[in-house]
Each structure stands twice: as C-alpha cells, then as structure tokens.
Amino acid sequence: MKLRLLAGVSALVALTGLSACSSSDSGDAKAAGDGKTAIDVWLMRDSVSAAFQKDFEAGFEADHPEIDVRVQIQEWDGIGEKVTAALASNDAPDVIETGNTQVAQFAQSGGLKDLSDKVDELDGDTWLKGLAEPGSWRGRQYGIPYYAANRVVIYRKDLFEKAGVDAARIKTRDQWITATKKLNKGARQGIYLPGQNWYAYAGFVWDEGGDLAVESGGTWKGAIDSQPALRALAFYEKLQALGKGPKDSDEAQPPQAEMMAKGQVAQIISTPGGANVVTQNNPALKGKLGFFPIPGKTADTPGAVFTGGSDLVIPTVSQHHDAAFTFVKELTGDTWQRKLAVAMSYVPNRTSLAGAVAKDPGASAMAVGAAVGHATPNTPGWAAVEAKNPIKDCLTAVLTGGDPARETAKAADAITAAMKSSGS
C-alpha cells in the first residue's frame, strides 16, 4: 500500500531490520518445541497495533492449537527488494503482507502460490475491487485482500458553517465546485490542492471512464491523452484554482496537513489520518474537522478513488501452505476484519462489512469511496512509471499554461516507454 498519511493511505500510508526466518525445515512441522507447525508471518509497520496483534495471535492459536504463529513487523521502506530476495531464496516467511499494487510484480517472478482455488471459500465475490484486482495476475489470484484505505475530503466544520455550506449536501462534483467557490473568500482557501496530487487526478480519470494506461494484445500503453482523461484534467484544473496550492509539487511538499493547520484552508484531499496531523500541529482545531467522500459526477455514485491497502500472499517456497492459508483465512475473514477495522480505522476487505466502521466518521467516508475504488494499472511495469512519474510533470505543465492535448500526449508516451522498459 505505502499510503503516506498518508497513504497515506495512506497511505493508506509508513525500524527494525528485516530478517528472513526459515520456512524450509524438513518434515511437516517447524521446531516449535511441542510438535506444532510454526509459521513465520511478515506484517507491515502500522498495519496492526500491538494490542490487536496480541489479541489476534491469542485467538488464532486458541482456535488452531496445532499452529504456532510468529509475527514479525517490517518496514515499508525497501520492502519490495526484501520481499523479492526472500521469494528467490529457500528462507522466505510463510505469509507476507504486501502492498496491493505490488502483487503483480511478485507473482510475475513465480514466487507466489496460486490461490485461485480458494477464492470461493473466502467469499471473493464480495472483495473490494481495488484490492482484489491488483491481487491477481494473468487471471490467477495470488493476493488475498487484507484491508483498504483511500482518500476523502477533510474539511473545517466551522469554515463551512460560516460560509453557509452544508457538507452533507455535497454529492456531485458540480456541487463541490459551487461550495468551494463560496468557501474561497478573502484570505481563506476553498481547498488546498497541490498541483501534482496525481492520485486525486486519477480518481477523476476513472470517474470519466478512462484509465492511466490500457492493455491491448499483451502490450501496455499510456492513456492519459484520451478524451476521458482530458475531461478529468479540466475538472482538476478548475478545482485546483480554488485555492493557493503549489502547481509544481505534491501533497508532501509542503505537507498539506500542516498547511491546513495554519488556519485558512477549508478542505484538503487526504486519508482520514491527515486530520490527526492537522490537530497535532494546531490543537485549536480539535473537534472542528469533518469528512465526506470525494463527490462523483452524479449523486448516485461517489467519486472513484485510488484504493491503497494490502494483500496477504503465500510464498511458493513455504513448506507450510496449509497452515499459512489457515492464517490468511482467519485474518481476512469476517470476525477479524470487523475487529481490525474498528481497531485501526481501516476499510474492511469486502463491501459487506462496510457497516463495521459506521461509528468512525473518517473510516465510514473512506468505505463509501472504497466501494468504487480502483488500483493503478495491474502490470509489474507500473513501478517504473511511478519511479519517474510523468503524470506529475504533465499536471504541472498544464496548470502553468501548457496545452493539455500536447502535454498529455507527451506523458502518455513516457508512460508507455517506462512500462516497455520493464517488459510490460
């Protein structure tokens, strides 16, 4: 996921060293001291709290006394390279949490167990699309959806009230623009939207029926020069102009939550965790922040969002596939998904569990968007795109007066070239 909070979320979104624990002992059980099967599990920093981890391990081992769970908390920084190395060795853990958009990369290497025959058993037809789709590769399911996080609108209740704006009535993008114009008075910014917030822009592209890249005949091509993407860009430009966000940087430079904390920003697009950063920097705003889903083109469908989050995978080299799957099934099942959502303010992995966060304003707003969420193009080559990210450069070029058709065509070509260089 690596949503930096996020991403947040995050990311949705993230220092002990990462050490591989042996999963290659001979026989049916690792040396757990009492004949149990011991499994090693890598979970990522902040995906669970210490209290939740303790409760889950105790509950799991009570229900499955034949399995001894050994959880190690890992860091997001550098995790891709570390997982790649583990999958290529004989010393991988038995279960790994990985960002949902990383699954294709690991599956391509042949290092992940194909779990397609387990989808029905896990009620896969109710999984969030933004977690399930990137968890698959070439029609086979390798990643099991774990949890999700996505962006919402964080707003100042007091500034909305002063401007006579009712956040509950903002259901469409047109209504959002109208409200933001009312909020954008004097020194106040209706919205602080950095010019390079490409995740927000991607949501508008999906709203319009477009995509960042498309596959045809096994070849991926950049698609942000399409008509839907150009319509999305026009909306993004209109919204961005209703504030003083920089045109040449993203939400981290400077941190947008810190900008909101200064007192004159009415809205930002962020994961809900951004609200905590705002109040940490300005305690006077505690209790004055609210959340609503990013609006869609019509009132009956919320805005599309980038779904960050994690999937659970089982390495091919694990010697304990059955025990590993039992762990995955429990942690991604209804009981523990409900508990995880409440404990961590995450969106559960399936649409049927959205009610679990009904009492959490931020998480419930996320859940609305997650139901229509998307992931980035499901190809290992997308990592090469993000490394240089021509979408950011394109946004800045257009916001500073560049021709949209010309700039998006250049960016689409750069996306195509980056994916091609990675073999996509």
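The values are calculated or read from the model by the stated rules, or taken from the named source; none is laboratory data. All figures in this text were calculated on a predicted structure; none of them were measured in a lab. Positions of Cβ are generated from backbone atoms using ideal geometry, with glycine treated the same way; all protein chains shown enter the neighbour counts. Quick note on the areas: whole protein, heavy atoms, side chains included, nothing else; ligands and nucleic acids left out. Shrake-Rupley method; radii C 1.70, N 1.55, O 1.52, S 1.80 Å.
Just checking, which of Arg169, Arg156 is of a type outside the set (Asp, Glu), under 26 Å from the mean Cα position of the chain (by Cα) and open to solvent by 10 Å² or more (accessible area, probe 1.4 Å)?
Arg156
Suppose we filter the range 156-193 for residues that are touching a strand residue (DSSP E or B) at 6+ places or on another chain (Cβ under 6 Å) and either more than 22 Å from Ala304 (Cβ to Cβ) or among the small types (Gly, Ala, Ser) (or both); how many remain?
3
Anything in the range 390-417 that is open to solvent by less than 30 Å² (accessible area, probe 1.4 Å), touching a helix residue (DSSP H, G or I) at 6+ places or on another chain (Cβ under 7 Å) and more than 19 Å from Pro134 (Cα to Cα)? List them, or say none.
Pro390, Ile391, Cys394, Leu395, Ala397, Val398, Leu399, Glu407, Thr408, Ala411
Can you name the residue in the range 43-70 that is open to solvent by 30 Å² or more (accessible area, probe 1.4 Å) and in contact with a strand residue (DSSP E or B) (Cβ under 8 Å, 6 or more places away or on another chain) and is also modelled with the lowest pLDDT among such residues? Lay out the reasoning, then the answer.
Just the residues of the range 43-70 that are open to solvent by 30 Å² or more (accessible area, probe 1.4 Å), to begin with: 45-46, 49-51, 53-55, 57-58, 61-66, 68, 70.
Among the residues that remain, those that are also in contact with a strand residue (DSSP E or B) (Cβ under 8 Å, 6 or more places away or on another chain) are: 45, 53, 57, 61, 66, 68, 70.
On the way: Arg45: 92, Gln53: 96, Glu57: 97, Glu61: 96, Glu66: 97, Asp68: 97, Arg70: 97.
Once the filter is applied, the top-ranked residue is Arg45.
Look through the range 276-303, keep the residues that are open to solvent by less than 10 Å² (accessible area, probe 1.4 Å) and in a loop (DSSP other than H, G, I, E, B), and return whichever of them is farthest from Val41 (Cα to Cα).
Once the filter is applied, the top-ranked residue is Pro295.
Which of the residues spanning the range 212-262 are open to solvent by 60 Å² or more (accessible area, probe 1.4 Å) and in a loop (DSSP other than H, G, I, E, B)?
If the condition is that a residue be open to solvent by 60 Å² or more (accessible area, probe 1.4 Å) and in a loop (DSSP other than H, G, I, E, B), then Gly217, Asp225, Ala241, Lys244, Lys247, Asp248, Gln253, Lys262 are the ones that fit.
Do you know which of the residues in the range 194-211 that are within 30 Å of Met259 (Cβ to Cβ) and among the charged types (D, E, K, R) is surrounded by the fewest Cβ atoms within 10 Å (Cβ to Cβ)?
Checking each candidate, the answer is Glu208.
Against the conditions (1) open to solvent by 10 Å² or more (accessible area, probe 1.4 Å); (2) of a type in the set (D, E, K, R); (3) under 14 Å from Thr316 (Cβ atoms), where does Asp94 fall short? Just the number, please.
With respect to (1) open to solvent by 10 Å² or more (accessible area, probe 1.4 Å); (2) of a type in the set (D, E, K, R); (3) under 14 Å from Thr316 (Cβ atoms), Asp94 is out only on (1).
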